[in-house]
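The values are calculated or read from the model by the stated rules, or taken from the named source; none is laboratory data. Here the structure is a predicted model, which is why all the values come from computation and not from measurement. Positions of Cβ are generated from backbone atoms using ideal geometry, with glycine treated the same way; all protein chains shown enter the neighbour counts. Accessible surface is based on the protein model in full, side chains and every heavy atom, while ligands, DNA and RNA are left aside. Shrake-Rupley method; radii C 1.70, N 1.55, O 1.52, S 1.80 Å.
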Amino acid sequence: MNKKIVIVGAGVAGVNAATKLVDNGYDGKLITIIDMGKDPYNRKPEEVMTGFLGAGGWSDGKLTYHTAIGGQLSKYTGEEKAMKLMDEVINNFKRFHPKPEEVQCSNPIAEPDFIKPYFGLRLFPVWHVGTDYLSEIAKNWYDYLVSKGVKFIWEVKVHAIDFENQRVLSNSLIEQVEYEHRYDELIFAVGKSGIDFAQQIQDDYKLETEPKSVQIGVRFEAPQHHFQKLIDISYDFKLYRKFDTGVSLRSFCTNNNAAYVAVEETYGDVTYNGHAKKDPKYLNGMTNFGIIMEIKDIDNPFEWSRKVVNELQFAGTGLYYSPSRKASTTSEGEKVSSIQIDNLSIVKHGMGEYWDYIEDFIEDMKKVFPTLGDDWGVYVPEVKYLSPEPLVYPSDLALVEYPNVHFVGDALSARGITVSGAQGILSVEKLINTECPWDNIQGDIINWR
């Protein structure tokens with residue numbers, strides 16, 4: 001095991017890949033991880049897009065435990081192996097957690113009747129790590145990898161990859177320095193901020209790809225008590241509906257109790273996400289979740305999404321609309337960056353006919369949750385950029401054209417922490433030439449499986 005490995009991206013996929021390697025005796029000194037962001041000791045809470053553990057591992061902390069959520073996994077591995085890979089990711093978060101006993105699983109089993117006339121409800125287990133602990137998890141995890149000899153290169157942006165000569169080219173974001181990194185195996189694990197670069201590589205090398213759908217919508221926020229009846233059944237509830245027009249909608253990434261809207265800045269535009277704290281001092285009685293549309297058959301969905309997002313900006317930030325409320329504050333007590341609008345004309349213009357789907361979704365929520373009324377607001381837009389999915393070998397997610405280059409995480413259309421981490425682990429299993437004895441998650445979650 002003497003291959004030199006370069007990992008582009010220190011997010012959940014890349015970090016789990018490196019962990020799998022060193023856990024199985026791989027020499028960490030042969031592993032280099034490159035990221036645009038900072039290490040967990042210097043990364044600020046508001047720097048949610050780049051850095052150690054990426055976006056989701058820094059500001060979310062909900063680990064979905066189902067193969068139908070968060071992107072493709074079981075199509076590569078089958079159901080049983082997919083669940084075992086996700087077990088490993090969950091175990092890693094528990095392993096580096098300062099209080100692993102506080103990692104809890106919610107496992108709803110029954111769809112309530114009051115939802116059925118208007119929405120479907122997807123039920124699946126979710127492990128709750130707790131946003132408050134993510135920074136400490138990241139530090140513990142980072143220290144472990146460094147102790148194994150793994151080299152991290154921070155605040156450097158990769159701008160080119162030469163597959164033929166097996167080298168990665170990058171520029172320092174701090175000083176005028178260019179680096180060249182040689183590799184035997186490359187793990188391409190860019191996050192949301194690197195999707196445009198993934199698209200560029202696919203175009204440059206004319207990789208065979210599978211087109212993906214547009215994923216765009218809003219971040220909805222309201223006092224929690226309006227949704228408590230459903231939250232008691234499913235904390236991270238997923239309301240959904242599907243149309244024969246090629247459009248489907250789902251609520252996504254629900255946060256409760258101490259729920260805060262989070263600003264993400266990607267490609268110079270502001271978009272929104274959310275997270276929840278566990279510390280009682282952050283309790284604010286709010287709920288937020290994305291209302292995301294999946295739109296099929298859009299030509300060049302990545303560019304289309306970027307154009308729409310750009311049209312939904314004003315004065316350097318995103319938009320907030322509410323019939324009755326003001327924009328909320330972050331967990332640091334600052335107003336969520338947004339421009340409040342008193343009507344939806346700019347949103348309707350930006351999203352076109354697709355806004356009607358979201359508007360109808362909200363109107364039907366008001367019927368299902370009758371106290372909601374006008375006591376809500378939306379932050380516009382929320383987006384999940386997906387580049388076309390390249391053709392890879394199922395066994396290690398290596399490009400068919402370049403079998404020593406492995407695409408994982410957002411670069412392979414993963415949309416969740418658990419799936420991204422699982423893809424990272426899968427990509428390196430062949431390199432250690434062993435099957436790890438899977439450590440199943442203990443407790444009643446086994447019964448669900």
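Do we find that T254 is among the hydroxyl-bearing types (S, T, Y), open to solvent by 60 Å² or more (accessible area, probe 1.4 Å) and touching a strand residue (DSSP E or B) at 6+ places or on another chain (Cβ under 7 Å) in this structure?
On the way: among the hydroxyl-bearing types (S, T, Y): yes; open to solvent by 60 Å² or more (accessible area, probe 1.4 Å): no; touching a strand residue (DSSP E or B) at 6+ places or on another chain (Cβ under 7 Å): yes.
Judged against the criteria, T254 is not a match.
Among the residues of the stretch 257-290, which ones are of a type in the set (A, V, I, L, M), within 19 Å of L230 (Cα to Cα) and either surrounded by 23 or more Cβ atoms within 10 Å (Cβ to Cβ) or touching a Ser or Thr at 6+ places or on another chain (Cβ under 6 Å) (or both)?
A259, A276
Is it fair to say S337 is on the phi < 0 side of the Ramachandran plot, modelled with pLDDT of 95 or more and open to solvent by 40 Å² or more (accessible area, probe 1.4 Å)? Steps first, answer last, please.
Working: on the phi < 0 side of the Ramachandran plot: yes; modelled with pLDDT of 95 or more: yes; open to solvent by 40 Å² or more (accessible area, probe 1.4 Å): yes.
Yes, satisfied.
Is it true that some residue in the stretch 191-201 is open to solvent by 40 Å² or more (accessible area, probe 1.4 Å), free of Cβ contacts under 8 Å to residues at least 40 places away in the same chain and not acidic (D, E)?
Within the stretch 191-201, one or more residues are open to solvent by 40 Å² or more (accessible area, probe 1.4 Å), free of Cβ contacts under 8 Å to residues at least 40 places away in the same chain and not acidic (D, E).
Answer with yes or no whether K62 is crowded, with 20+ Cβ neighbours inside 10 Å and of a type outside the set (A, V, I, L, M). Don't jump to the end; show me each part of the working.
Numbers: crowded, with 20+ Cβ neighbours inside 10 Å: yes; of a type outside the set (A, V, I, L, M): yes.
In short, yes.
If a residue has to be touching a Phe, Trp or Tyr at 6+ places or on another chain (Cβ under 7 Å) and assigned to a strand (DSSP E or B) to count, how many in the stretch 268-301 make the cut?
The total comes to 11.
Given the criterion within 23 Å of D23 (Cα to Cα) and either crowded, with 22+ Cβ neighbours inside 10 Å or not hydrophobic (A, V, I, L, M, F, W, C) (or both), identify the matching residue among K99, K75, K116. Explain how you work it out, then say what you get.
Numbers: K75 fails: within 23 Å of D23 (Cα to Cα); K116 fails: within 23 Å of D23 (Cα to Cα).
Just one listed residue meets the conditions, K99.
Please go through the stretch 355-384 and give me each residue that is open to solvent by less than 10 Å² (accessible area, probe 1.4 Å) and not in a strand (DSSP E or B), ordered by number.
Once the filter is applied, which keeps residues that are open to solvent by less than 10 Å² (accessible area, probe 1.4 Å) and not in a strand (DSSP E or B), the stretch 355-384 yields W355, I358, F361, I362, M365, F369, L372.
Looking only at the stretch 124-151, count every residue that is under 21 Å from M86 (Cβ atoms) and surrounded by fewer than 17 Cβ atoms within 10 Å (Cβ to Cβ) and tell me the total.
Number satisfying all stated conditions: 1.
Please find, within the stretch 408-430, the residue that is nearest to E185 (Cα to Cα) out of those that are open to solvent by less than 10 Å² (accessible area, probe 1.4 Å) and not aliphatic (A, V, I, L, M).
Selected residue: S427.
Out of G416, G373, I need the residue that is under 30 Å from D113 (Cβ atoms), modelled with pLDDT under 95 and among the small types (G, A, S). Which one?
That would be G416, the only listed residue that is under 30 Å from D113 (Cβ atoms), modelled with pLDDT under 95 and among the small types (G, A, S).
Counting only residues that are more than 24 Å from the chain's Cα centre (by Cα), outside any strand (DSSP E or B) and of a type in the set (A, V, I, L, M, F, W, C), how many does the stretch 151-172 have?
Qualifying residue count for the region: 1.
Among the numbered criteria (1) under 21 Å from G56 (Cα atoms); (2) in contact (Cβ under 8 Å) with a residue 60 or more places away in the chain; (3) not in a loop (DSSP other than H, G, I, E, B), which one does H226 miss?
Answer for H226: the failing condition is (1).
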